[in-house]
Every structure is written in structure tokens, then in C-alpha cells.
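Okay, so here's the structure we're looking at.
Bear in mind that the values in this text are calculations on the coordinates, not laboratory data. A quick note: this is a predicted structure, and the numbers were derived from the prediction, not measured. Here the Cβ positions follow ideal geometry from the backbone for every residue, glycine too, while neighbour counts run over all protein chains shown.
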Amino acid sequence: MALDQSGLLNLLGELQLTDVTDRIRVATETLYQELIDAEATAFIGAAPLERSHDRTTHQNGARPRSLSTTAGDLDLKIPKLRAGLFFPALLERRRRVDQALFAVVMEAYVHGVSTRKVDDLVKALGADTGISKSEVSRICAGLDGEFAEFRDRTLAAQDFPYVFLDATYCKARVGHRIVSQAIVAAVGVAADGRREVLCFDVGDSENEGFWASFLRSLNTRGLDRVKLVMSDAHTGLKKAIGTVFQGAGRQRCRVHFMLNVLAVIPKGSQDTVASIIRTIFAQPDHEHIEKQFREVTTMLSRSHPKVAAMLVDAQPDLLAFSAFPRRHWRQIWSTNPLERVNKEIKRRTDVVGVFPNAAALLRLAGSVLIEQHDEWEAGERRYFSEASTLELATMNNPIEVIDEAVILPELAAA
């Protein structure tokens, strides 16, 4: 609603009592609020307390919104509605990730690790005059509340037969030192074939205690019917999986395993050895995979005994996928489904460089993961078809088949 004579006089009186340097901010704040209220009235179809046949809903309070402008920080109120959503066209919606980036950048200022690059980031995000500490606190509190709600939600409503675990690494200040911190994420494939981000955290990925605590939090929230866990060979992770998810198989990521293999052989032999190992995964069923594995291991024991020993040691975890529906193999024999998410996390975190603390890193990485979760939830495409997930549900316990894998003594000796 436009300011009437009384409203203008009230504004004039307020400006007279305001410091000269703050008058532009107060006038700008009043103008913005009037424009927001006018747009809300048009959206509702009636002014507050007005009776109208065009009214579609009623206003139900307002939520605060701070806006950084060249005139200063404006404290605005966005009307809330009883039915439907309203957001003024004058303001730009901030995605959750952008909010996290604001919080990270300004937290860097607070902790004394600001640089010219950080200042450029603030300007690139649309706040030429920076952003107030109160705004940083408000953003952080809002994000932390969302994270707590997301990470504490129950998982007991449906089964997640497949769980992917992976980590990517960033730099953060911990105890006055810059150290590498792992952003670990758990993604589950539900019984209906849809993916969900189950949880995320920041810590030391090589620490068994960290992994055990992370997995127990999932177990406490109702994740207890896992059939297969896909992961890399992080120190301590295998023991943690065996302790928390008893009865579940573990699939070692074949891509990471191949990288480990190529690291111990001369460059001239890498293509040949990789091609030989890949023949194991090109077989039509579990029995042929076991047979080809024995032939490949025997062959490599003569030319590359170290590689053969690595294969023998990794066999139970490397071939765990073969006991599950064939239509799932390509999607469960590695952690590649998480690679795109990890790349987006890295793209976002590389902008910051060194995080002021682990909490700031968690906010930004967590925001990326929650947005990915929302994208999967809203999308129509499933990771697995319903027919193939039904095939998994009707199978005999696949873990028993995995346990039947026998390594020949002569191969183990090789």
C-alpha cells in the first residue's frame, strides 16, 4: 500500500530523529518494505482486513529478511500466507548453497583469515558493502537448524538395501593448524529404486572410531536392513562396517582398486594389466566371474606377482557385486555414483580454499549434499527400476553367496 499523508508525516518524523548518515538507509528500507507490501497485496487480491471477492488467501504474520545494499543493511519483513508461498520479485532468492557460502566467507573475516580474494567473493555474491555480523549469525543459525533436522530424520520408514560411502578432502583450520579434513557422505538406494542422501559429516576418514560413530548414527536412526555397502578401502572403514552393519556385504570400489594396482606397476605395463583385470568384470554371471578371476590371478602371478597378491587379498570385497542382480552391477561395483556430487562439493569448496574451521566446511558441503538430495527427491528418474529392485527383494540371502567365494591355496601362496 502506498504511503498516505499520515504515513509520509510519520516517516518525516522518524527521519528527523535519525542520524544524518543513517537517513538514506531508513528511507530505502521504508521504500523496499512498501514495495514488498504492495506486491503481497496484489498477490493476495486484497489489502489486510479488506473484504474482497478477489482474495485468494490471508496473510499470516511475516518473516524477517536482511538485505545488504549500498545504503546499508535493510531489515525487511516478508509476509507469510496461510495458504501458498509468496516471495517478492524485488528480492533475489538465495539458494541454500549461496547462503552457506556467505556464511563461510564472513566467518573467515571473523576468524582473521580474510584475504582480498574473500573480499572479492563478497562482492561477487552481490553485497558490495559486505554483510553484517548479525546477518552471518542469522544465516549460520538457519543452516545449522536445517542440517540438524535433516541429519536426525528417521530412516526406518523404508529399506535401503544399498549404501554408498565416500569421502572427498578439503583444507580447514583445526587447532591453529591447517589440516586436511574429509567430507564423508552416505547415500542410500531405497527399496523403490530412489536415491537419498542419508547423512554427512566432517572428520578423519582413516579413523575407525570416526567411521564407527558415523555408521552408528545411521543405525540409530533406523538404517538396519543394508545388504551391500560400496566404499573405498579407507583404514578402519571395513572394521566399522562389519561391526555396525553385521550381515551386510562390502563392495570395494573397483575404480579405486584399479588406481591402487596401477600405482605399483611400470607405466608401460599399465594398459595391458588393466585390460586383463577388466575381463573379470565382463563375465555374464557369478560362476564365470569366479572362474575368470582364478585364470587372471594365475596369469598375473607369473608376470606381476604383486598385482596377483593384491587381487587375492581383495577378492571377497572386489567381487561382492556378483551376488546381486546383474542389472545392478554397473551401478554398485564402484562409488562412481557419488563422484558427480563430490566434484560439485570440490567446485564449491575450491572457491574458498582454506576454511576457517570444520563447522564452516560442513555448512557448505552439507548444503551441496542437501540440494542434491532435494533434486533426487523431486526428479522422476529412479536409480534402479522397480522391476529390478523386486528382483533383489526375492533373492536368497546374497551374502551367503559372497561368503562361498573360495580362494585356491596355490593362488594365495602366489
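Details
- Leu228 sits among other residues whose Cβ lies under 12 Å from its own Cβ, and their net charge, with Lys and Arg +1 and Asp and Glu -1, is +3.
- Extension reserve of the Thr28-Glu146 stretch, reckoned as 0.36 nm per residue once the Cα distance is removed: 39.4 nm
- Estimated FRET transfer efficiency (Ile178, Ala393; beta-carbon r; R0 51 Å; 0.05): 0.60
- Sequence-ordered 3J(HN,Hα) estimates for segment 184-196 from the Karplus curve with 6.51, -1.76 and 1.60 and θ = phi - 60° stand at 9, 9, 10, 10, x, 9, 6, 5, 8, x, 8, 9, 9 Hz, glycine and proline given as x.
- Calculated FRET efficiency for the pair Asp271/Asp54, C-beta based, R₀ 56 Å, to 0.05: 0.20
- Length added when fully stretched, Ala62-Arg221, from 0.36 nm per residue minus Cα-Cα: 53.8 nm
- Amide proton proximity set for Leu81, modelled H, under 5 Å, gap of 5+: Asn60, Phe86
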